[in-house]
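As structure tokens, the structure follows; a few thoughts come after it.
The values are calculated or read from the model by the stated rules, or taken from the named source; none is laboratory data. Treat the numbers as computed from the prediction; the structure is a model and nothing was measured. All Cβ positions, glycine included, derive from the backbone under ideal geometry; neighbour counts span all protein chains shown.
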């Protein structure tokens, strides 16, 4: 198998796009939040339940960071009590192939390795 690296070594020293990507999605819990949202919109409580061990404060902070990077959008529905849903933006949905490849790699090396 040939590994193709698109950036030159010099370019990676100046601006490494892998590092920039990890700045956005590499934080603790961030990757798992995106993983859950790839299956569709979720309410805060649903995310909190699925991410065993995350605190409400941390989840809120990570969601805000993802909103700032235009990965996640927050929709507030005018109901009482307010109904808030989080979903991926088009930019966030473009991360799906990365997750699929990581899942494939994990399956191969966890079950076959």
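Observations on the model:
- The stretch 48-92, residues that are more than 16 Å from residue 29 (Cβ to Cβ) and touching a residue at least 24 places away in the same chain (Cβ under 8 Å): 75, 83, 84, 85, 87
- Selection from the stretch 32-49 of residues that are closer than 19 Å to residue 100 by Cβ and in contact with a strand residue (DSSP E or B) (Cβ under 9 Å, 6 or more places away or on another chain): 33, 34, 36, 37, 38, 40
- All positions within the stretch 60-74 that are surrounded by 14 or more Cβ atoms within 10 Å (Cβ to Cβ) and in contact with a helix residue (DSSP H, G or I) (Cβ under 6 Å, 6 or more places away or on another chain): 62, 69, 71, 72
- Matching residues in the stretch 27-51 - criterion: being assigned to a loop (DSSP other than H, G, I, E, B), surrounded by 12 or more Cβ atoms within 10 Å (Cβ to Cβ) and in contact with a helix residue (DSSP H, G or I) (Cβ under 9 Å, 6 or more places away or on another chain): 27, 29, 38, 51
- Candidate set from the stretch 32-47 (those that are in contact (Cβ under 8 Å) with a residue 24 or more places away in the chain and under 12 Å from residue 72 (Cα atoms)); member that is nearest to the chain's Cα centre (by Cα): 34
- Residues that are assigned to a helix (DSSP H, G or I) and touching a helix residue (DSSP H, G or I) at 6+ places or on another chain (Cβ under 7 Å), drawn from the stretch 75-92: 92
- Residue pairs whose Cβ atoms lie under 8 Å apart, sitting 6 or more positions apart in sequence or on different chains, and linking a residue in the stretch 11-23 that is over 19 Å from residue 68 (Cα atoms) to a partner that is exposed (fewer than 11 other Cβ atoms within 10 Å of the Cβ) and modelled with pLDDT of 85 or more, do not occur here.
- Just one residue in the set 4, 54 is more than 12 Å from the chain's Cα centre (by Cα), at pLDDT below 85 and not in a helix (DSSP H, G or I); that residue is 4.
- Within the span defined as the stretch 95-112, one or more residues are surrounded by 11 or more Cβ atoms within 10 Å (Cβ to Cβ) and either in contact with a strand residue (DSSP E or B) (Cβ under 7 Å, 6 or more places away or on another chain) or not in a helix (DSSP H, G or I) (or both).
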